Amino acid sequence: MRKSTRMRLMKILIITGLLIGLVYALFPVVWMISCAFKSNTEVFTVPQRIIPRRPTLEAFSQVLTDRGKLRYFLNSYIIAMVTTAITLFVAILAAYALSRYAFRGKKPLNVFIIITQAVPPMTLLIPYFGMLVLFGLYDSYWALIVTYLVFTLPYATIMITGYINTLPKDLDEAVAIDGGSTWGVLWLVLVPISTPGLVATAIYTFLQCWNEYLFALCLTKSGEMRTVPVGIQLLMGQISYKWNEMMAMSILGSIPIIILFIFAQNYLIAGLSAGAIKS
């Protein structure tokens, strides 16, 4: 077999494999969209069809006109945005200290931060539940915000520390010579240059909070405190499942993530360009 024939065959195999993988990855999304535009009766109709026989916005209407379900979205937004903001602020301060200062216990602290990532979150559920009940935070926004901070802060600190480590210390010295303070060095110079790293950290944190299910289920009990993942699960009743509404809520819950990535893509390019110019 000639070399050109082998290369052509290899390309065909690779393309075929990629197409199979693409279909495998996209089929659940396509099926979710299909079910969202069906009535719940049609969802259970046999044989199944990807293209609905009678497309309807019934599921979306039921979700968007139900105050209880809209409350789930509001809760998820509040918890995810507040957690992301606090995580970024604290992680920036911690990362700056770990990157620019030498102090006693720095290496053990770094090791401890990394070790926390190896602890399965599920093992901490019962201790956190007891602490939140003890401090009167159970079934509140702060119950989830404080809990999520424990999981997002270490990883965010590691990410931002690694990014600041790539920035030359000459920047700090130049600002200090011009009379700038340490606070000015951090917020006026390093933070703007670190935009790509901060955006990546913010996306990670937001996704962690938005998609989290276990703690949101166990640390809240009232409908006013439930989040989107828990709200979707509550549509699975003992007698019947509202599959079309579940899929509609899943699509509506995915929209913020899609918008976030579209926004972040442009912002990452701008941040990289700014960083290249300033450095």
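The values are calculated or read from the model by the stated rules, or taken from the named source; none is laboratory data. Quantities reported herein were computed from a predicted structural model and do not represent experimental measurements. Cβ coordinates were reconstructed from backbone atoms using ideal geometry, including for glycine residues, and neighbour counts include every protein chain displayed. Heavy atoms of the whole protein, side chains included, go into the accessibility calculation; ligands, DNA and RNA do not. Shrake-Rupley method; radii C 1.70, N 1.55, O 1.52, S 1.80 Å.
Within region 161-265, the trypsin sites (Lys or Arg not before Pro) that combine a DSSP coil assignment with at most 13 other C-beta atoms in a 10 angstrom radius are K169, K221.
Need one number: convex hull volume per residue for the chain, Cα atoms only, in Å³.
Details: hull volume 65.1 nm³, N = 279.
Considering the Cα atoms of the chain, their hull volume per residue is 233 Å³.
Each semi-axis of the equivalent ellipsoid for region 112-270 is √(5λ) with λ an eigenvalue of the Cα gyration tensor; in descending order they amount to 38, 21, 13 Å. Select from F60, F44, F215 the residue whose mean-square fluctuation is largest in a Gaussian network model of the chain (Cα-Cα springs shorter than 10 Å). Checking each option, the largest mean-square fluctuation is seen for F44.
With the simple model of a label 7 Å out from the Cα in the direction of the Cβ, L134 to F44 spans 4.7 nm. How far is helix 67-100 tilted, in degrees, relative to the longest principal axis of the Cα atoms in the chain, given as a value from 0 to 90 rounded to the nearest 10? That helix lies at roughly 20 degrees to the long axis. The calculated 222 nm mean residue ellipticity attributable to helices in the chain amounts to -23500 deg cm²/dmol, summing -39500 (n - 2.57) over DSSP H runs of n ≥ 4 and dividing by all residues.
Over all orientations, region 86-130 has a Cα convex hull whose mean projected area works out to 4.3 square nanometres.
On a per residue basis, region 64-170 carries 57 Å² of accessible surface, using protein heavy atoms and a 1.4 Å probe.
Direction-averaged projected area, Cα convex hull, region 36-126: 11.2 nm², rounded to one decimal.
With a Förster radius of 45 Å applied to the C-beta separation of A174 and L26, the computed FRET efficiency comes to 0.35.
With both labels modelled 7 Å from their Cα along Cα-to-Cβ, the L207 to F261 distance reads 0.8 nm.
Seen against the Cα atoms of the chain and their longest principal axis, helix 3-36 is set at about 70 degrees. Between the Cα long axis of helix 106-116 and the first principal axis of the chain there is an angle of about 10°, rounded to the nearest 10.
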